[in-house]
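**Q** Quick one: this structure, given as structure tokens, is what I'll be asking you about.
We did not get these values from a lab; they are worked out from the coordinates using the rules stated. Remember, predicted model here, so these are calculated numbers, not experimental data. Here the Cβ is made from the backbone with ideal geometry for all residues, glycine too, and neighbour counts use every protein chain on show.
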Ligand code: SF4
């Protein structure tokens, strides 16, 4: 019998961690201020790391695991603070650290007694020999390279007995090999392999093309649309239509990319994947029947056009416009709700006005949860009519159905 995989969500800050827990994650991954690969996410200071672990472990009767990324390619100076940091992570109860550098792995092996070690996708594990080697060294899980087909993943899992595997199933992808890339360092001095990538692969470049000298007549066009040229911009991964194949490949964990995304993105993506996984394991016919709904939900987040990446062989991965597709805007998030007055306190994020129809996204009700309503009146904290609230302003709206904290509002894009 196939074991239900873990749904693993990104948590770039405490609000996103809460969102991930509420919207169905089984585990979250996050980073401290140093040693992780998303330096521009807010990330977690020492105190915040403890708060995050306590929150996730105590979440509403469901213990949610916390994995902390320590996956920079470390330089000599990084090892001064590292042992203390790792011991601190163990002390606060982090369930695993995610590492990619062998030196960091060896220090983690020495310092950690109870905290597990996961091997980051940055380590580029592409075969079962490497996977078994990591397991023999003491890794409990390997996050596989993104450049693997489902057949290769099945073969790795068929040969691996002492460790689990995890793979990205949704989110942005690098055009370079699992993030090994120097473009950002070269153009901006920001090192992608130390968590500071400026994403220059997605910038707009002057119209041009590349030709490999010996291939006469073969041009690699870099002229994409009227707005400019996008050198190596990757589409986004989406495997929600292939949950059965992923589950049958032996993966233990389905990972969502996106520590830099909004809480709304995390909520909507998790809602869709939570429903898809639960439906498939409860009733595969429901899963097949609801596929269009999962895709519709996912399609309401901003994305760069979806692809199945390398899962089905040669990728149709890159060279699209760098702009996002976005059919819905993140309008606001519910901060509180008064059951008597039926008024919700909303933190506004993007413009919406009286007369607009908004959709309310809730963590309950599976893929059919949530509802639409038309805004009839909005007031500000002083009780005055709020015609044009600014982002993050608190506004008050009468709701047609009950809502709770961390329900999200979205509005069809114009
Ligand atoms: S520049 Fe692009 S390809 Fe390179 S590491 Fe950054 S996101 Fe990945």
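**Q** Counting only DSSP beta bridges with both residues in the chain, tell me the antiparallel percent, nearest 5. Present the calculation step by step, with values, prior to reporting the outcome.
**A** Details: 37 of 68 bridges.
Around 55 percent antiparallel, to the nearest 5.
**Q** Looking only at 28, 70, 360, which one moves most when the chain is put into a Gaussian network model with springs between Cα atoms under 10 Å?
**A** It is 360.
**Q** Okay, next question. So if we plug the beta-carbon distance of residue 4 and residue 260 into 1/(1 + (r/R0)^6) with R0 = 30 Å, what FRET efficiency do we get, rounded to 0.05? Let's see the in-between values first.
**A** On the way: r = 28 Å, r/R0 = 0.94.
The value I calculate is 0.60.
**Q** For helix 46-57, report the angle its Cα long axis makes with the longest principal axis of the Cα atoms of the chain; keep it between 0 and 90° and round to the nearest 10°.
**A** 70 degrees
**Q** Of all the Cα-Cα pairs you can form in region 109-173, what percent are over 18 Å apart?
**A** Values: 664 of 2080 pairs.
Roughly 32 percent, once rounded to a whole number.
**Q** While we're on this one: State the extension gain, in nm to one decimal, for the chain segment bounded by residue 46 and residue 387, taking 0.36 nm per residue of separation less the distance between their alpha-carbons. Please report the intermediate quantities before stating the final value.
**A** Working: separation 341, 0.36 × 341 = 122.76 nm, distance 4.13 nm.
Roughly 118.6 nm would be gained on extension.
**Q** Follow-up. Output needed for region 325-402: three equivalent-ellipsoid semi-axes, defined as square roots of 5 times the C-alpha gyration tensor eigenvalues, in descending order, whole Å. Mind showing how you got there, number by number?
**A** Details: eigenvalues 77, 52, 24 Å².
Those come to 20, 16, 11 Å.
**Q** Separate question: Spin-label point model (7 Å from Cα, Cβ direction): what's the residue 203 to residue 289 distance in nm?
**A** 5.1 nm
**Q** Under a GNM of the chain (C-alpha, springs under 10 Å), which listed residue has the highest mean-square fluctuation: 19, 357, 121?
**A** 357
**Q** How far is helix 82-92 tilted off the main Cα axis of the chain, in degrees rounded to 10, range 0 to 90?
**A** 50 degrees
**Q** Classify region 271-403 from the C-alpha gyration tensor, please: rounded if a/c falls under 1.5, else prolate or oblate depending on whether a/b exceeds b/c. Numbers along the way, then the final one.
**A** Numbers: a/c = 3.38, a/b = 1.66, b/c = 2.04.
Judged from the Cα gyration tensor, region 271-403 comes out oblate (a/c at least 1.5, b/c at or above a/b).
**Q** Taking a quarter of the surface of the convex hull around the Cα atoms of region 72-146, what do you get in nm²? Provide the component values of the computation, followed by the final result.
**A** Values: hull surface 18.9 nm².
Hull-based average projected area comes out at 4.7 nm².
**Q** Please give the helix 284-298 orientation as an angle from the longest Cα principal axis of the chain, in degrees from 0 to 90, rounded to the nearest 10.
**A** So the helix axis and the longest Cα principal axis differ by about 80 degrees.
**Q** Provide Rg over Rh for the chain; use the alpha carbon set for both Rg and the Kirkwood Rh (inverse mean inverse pair distance). Don't skip to the answer; put the middle values down first.
**A** Working: Rg = 22.3 Å, Rh = 22.7 Å.
We get a ratio of 0.98 for the chain.
**Q** Add -39500 (n - 2.57) for each DSSP H run of 4 or more in the chain, then divide by its residues: what number comes out at 222 nm, to the nearest 500 deg cm²/dmol? Could the numbers behind the result be given before it?
**A** Details: 10 runs with 109 residues, N = 414.
Calculated from helices alone, the mean residue ellipticity at 222 nm is -8000 deg cm²/dmol.
**Q** Give me the percent of Cα-Cα pairs in region 1-101 that sit more than 24 Å apart, rounded to a whole number. Let's see the in-between values first.
**A** Working: 1043 of 5050 pairs.
In whole percent, the share of Cα-Cα pairs in region 1-101 beyond 24 Å is 21.
**Q** Let a ≥ b ≥ c be the square roots of the eigenvalues of the Cα gyration tensor of region 38-188; is it rounded (a/c under 1.5), or, if not, prolate (a/b larger than b/c) or oblate?
**A** Values: a/c = 1.43, a/b = 1.19, b/c = 1.20.
Rounded shape, in that the Cα axes give a/c under 1.5.
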